[in-house]
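The values are calculated or read from the model by the stated rules, or taken from the named source; none is laboratory data. Keep in mind the model is a prediction, meaning the values are calculated, not measured. Here the Cβ is made from the backbone with ideal geometry for all residues, glycine too, and neighbour counts use every protein chain on show.
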Amino acid sequence: MNPRMMLATTARVLGQLRHDHRSVALILVVPALLLTAVYFLFENETLPPGFPRTFDRVGLMMLAIFPFVVMFLVTSITMLRERTSGTLERLLTTPIHKADLLFGYALAFSIMAALQSLVATAVAYWVFGLDIKGGPGLVVMIAVINAVLGVALGLLCSAFARTEFQAVQFMPVVVVPQILLCGLFVARDRMNDVLEAISNVLPLTFSVDALQEIAGNAEATSAMWQDAAVMVGIVLVVLVLASLTLRRRTS
Amino acid sequence: MSHLARDKTKPRGHAASPATAGTAAVEAVALHISRGRTRILRGLDFSIGNGRITGLLGPSGSGKTTLMRGIVGVQKITSGSISVLGQPAGAPSLRHDVGYVTQSPSVYPDLSVEANVRYFGAMHGATAADTAEAIAAVGLEEFARQKTADLSGGQSSRVSLACALVSRPKLLVLDEPTVGLDPVLRAELWERFAAMAEAGTTLLVSSHVMEEASHCSSLLLLRDGLLLAQLSPAELAERGRSNDLERAFLHIIQEGLAAQ
């Protein structure tokens with residue numbers, strides 16, 4: 001790996017985004033708006049005293065799910081363009097290492113994801129008084145790991161799409177099942193065995209577990225770190241798989 | 001254009017500098033390339049001299065792009081071999097020395113001209129001065145800060161060329177670089193290629209416009225995946241019995257068909 005080539009790639013990807021004001025606005029503002037909608041959805045719920053608001057549970061999980069979904073979409077489209085426009089092939093004739101390219105992408109989009117989750121987390125805490133035991137820093141950390149997971153899966157899935165239309169179709173395949181089974185809608189221990197087994201191996205599950213650890217404990221628990229470590233491991237495996245789809249030489 | 005053909009070709013290989021003359025930049029031996037079930041190249045043997053412009057000419061579908069992809073190492077070879085600057089095509093150590101400009105511009109449309117050239121330059125450790133020089137070389141100084149998507153088709157292909165020039169390759173492979181350019185720009189580009197060859201760069205330029213052959217010191221004539229001939233433009237005019245290189249090429253094709 002070569003840090004100069006990796007950072008040049010990060011700067012290039014961010015430069016491409018910078019020219020696209022609308023996408024930047026969508027990335028930064030939409031999660032906060034959706035969070036607002038979630039807040040008002042549950043505004044009038046009646047709770048027994050001492051029972052946590054639904055917003056504190058669902059809003060928190062959404063803080064981690066947004067960056068995952070958005071970065072998956074943004075990355076798979078950007079990478080697909082790179083594959084179809086010939087720039088990828090051209091890059092692979094230069095001395096750049098595949099890892100420089102993939103980590104350059106991952107770094108660029110994690111910077112965007114960090115900004116996105118800072119905005120969303122700030123809104124959740126300061127505007128809607130999100131009430132959890134753990135600190136916002138850990139929430140942002142999990143959100144960024146989730147974003148990188150989205151980036152890695154997006155890089156991988158772009159290899160299996162020929163058009164942008166196909167790339168978008170991977171969202172229901174790759175993203176939606178993870179959201180359904182991560183414990184947001186139904187607690188995982190109340191799922192049937194098959195669904196629970198599937199949910200046990202889906203990456204997003206670990207981030208929801210980690211967030212629940214953060215919500216329930218003032219200090220970072222070892223279970224939380226373990227979840228985070230598993231996610232980082234999954235990200236690395238997916239990035240390696242993605243690098244296998246980058247061929248310098250085609251037949 | 002035919003007058004150009006004559007005076008360009010008298011001293012065949014004049015562009016090769018003494019130091020590199022005689023050594024081959026590219027050498028293909030019994031080269032076969034298939035894509036899927038289609039046999040694109042069917043047994044090519046040739047060598048391309050250092051420090052000169054070689055034209056790769058042939059009708060569309062003759063295998064020009066596949067051959068170029070093989071030389072830059074992005075295309076798997078079915079059998080035979082290509083060596084580039086003394087190493088097998090696609091060897092990692094060649095990545096600094098071989099530049100490739102595809103037919104449709106492979107640049108980032110949402111970046112400025114400068115950002116594109118800077119990015120590809122970064123892969124070769126190019127400086128800001130190298131970037132500026134490459135942009136100047138294709139005459140896009142005044143557009144340097146403009147988004148590539150806002151430029152015309154001809155301008156974008158020059159951005160693509162600048163992205164290859166910035167690494168100062170020893171071998172520059174150009175797939176139809178002059179398509180869609182106006183005559184003035186085309187002449188300017190050929191002048192630039194000639195200057196680069198003079199300075200020792202080896203250029204392989206494909207075209208389906210035969211009149212461009214006159215700018216090359218050596219020609220590879222390709223048809224249906226077979227090498228019809230490797231000759232200089234003067235030899236082409238002679239063998240094809242016409243100073244109109246287009247006609248000369250057609251004559252050679254007909255000759256070949258008659259011989260079969």
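Of note:
- Counted residues, the range B:81-119 - those being out of contact with any helix residue (DSSP H, G or I) (no Cβ under 9 Å at 6 or more places or on another chain) and either acidic (D, E) or facing chain A (nearest Cβ under 7 Å) (or both): 3
Yes/no matrix, rows are residues, columns are (1) free of Cβ contacts under 8 Å to residues at least 40 places away in the same chain; (2) buried (at least 22 other Cβ atoms within 10 Å of the Cβ); (3) over 30 Å from B:S167 (Cα atoms):
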position	(1), (2), (3)
A:P67	no, yes, yes
A:I77	no, no, no
A:T93	no, yes, no
A:K98	no, no, no
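- Candidate set from the range A:128-157 (those that are free of Cβ contacts under 8 Å to residues at least 24 places away in the same chain and in a helix (DSSP H, G or I)); member that is nearest to A:A32 (Cα to Cα): A:P136
- The range A:15-55: number of residues that are of a type outside the set (V, I, T), in contact with a Leu (Cβ under 9 Å, 6 or more places away or on another chain) and within 14 Å of chain B (Cβ to nearest Cβ): 4
- Within the range A:37-44, at least one residue is buried (at least 17 other Cβ atoms within 10 Å of the Cβ) and either closer than 10 Å to A:A120 by Cα or touching a residue at least 24 places away in the same chain (Cβ under 8 Å) (or both).
- Residue count for the range B:148-188 under the criterion of being outside any loop (DSSP other than H, G, I, E, B), closer than 29 Å to B:L67 by Cβ and not small (G, A, S): the result is 16.
- Check on B:A122, more than 14 Å from chain A (Cβ to nearest Cβ), of a type in the set (A, V, I, L, M, F, W, C) and without any contact (Cβ under 8 Å) to a residue 12 or more places away in the chain: no
- Residue within the range B:123-141 that is touching a strand residue (DSSP E or B) at 6+ places or on another chain (Cβ under 6 Å), within 23 Å of A:L101 (Cα to Cα), crowded, with 17+ Cβ neighbours inside 10 Å and modelled with pLDDT under 95 present: no
- For the range B:69-105, a tally of residues being in the same structural domain as B:D175 (by TED's automatic domain parsing) and closer than 23 Å to A:E82 by Cα returns 8.
- Flag for B:E191 being surrounded by fewer than 18 Cβ atoms within 10 Å (Cβ to Cβ), at pLDDT below 90 and assigned to a helix (DSSP H, G or I): no
- B:G153 being at pLDDT below 95 and over 23 Å from A:P95 (Cα atoms): yes
- Long-range neighbours under 6 Å by Cβ, at least six apart or interchain, first residue more than 13 Å from B:R42 (Cβ to Cβ) and more than 8 Å from chain A (Cβ to nearest Cβ) within the range B:57-78, second at pLDDT below 90 and surrounded by 24 or more Cβ atoms within 10 Å (Cβ to Cβ): B:L57/B:A213; B:K64/B:G58
- Every listed requirement among (1) surrounded by fewer than 16 Cβ atoms within 10 Å (Cβ to Cβ); (2) assigned to a helix (DSSP H, G or I); (3) of a type outside the set (G, A, S) is met by B:R145 save one, (2).
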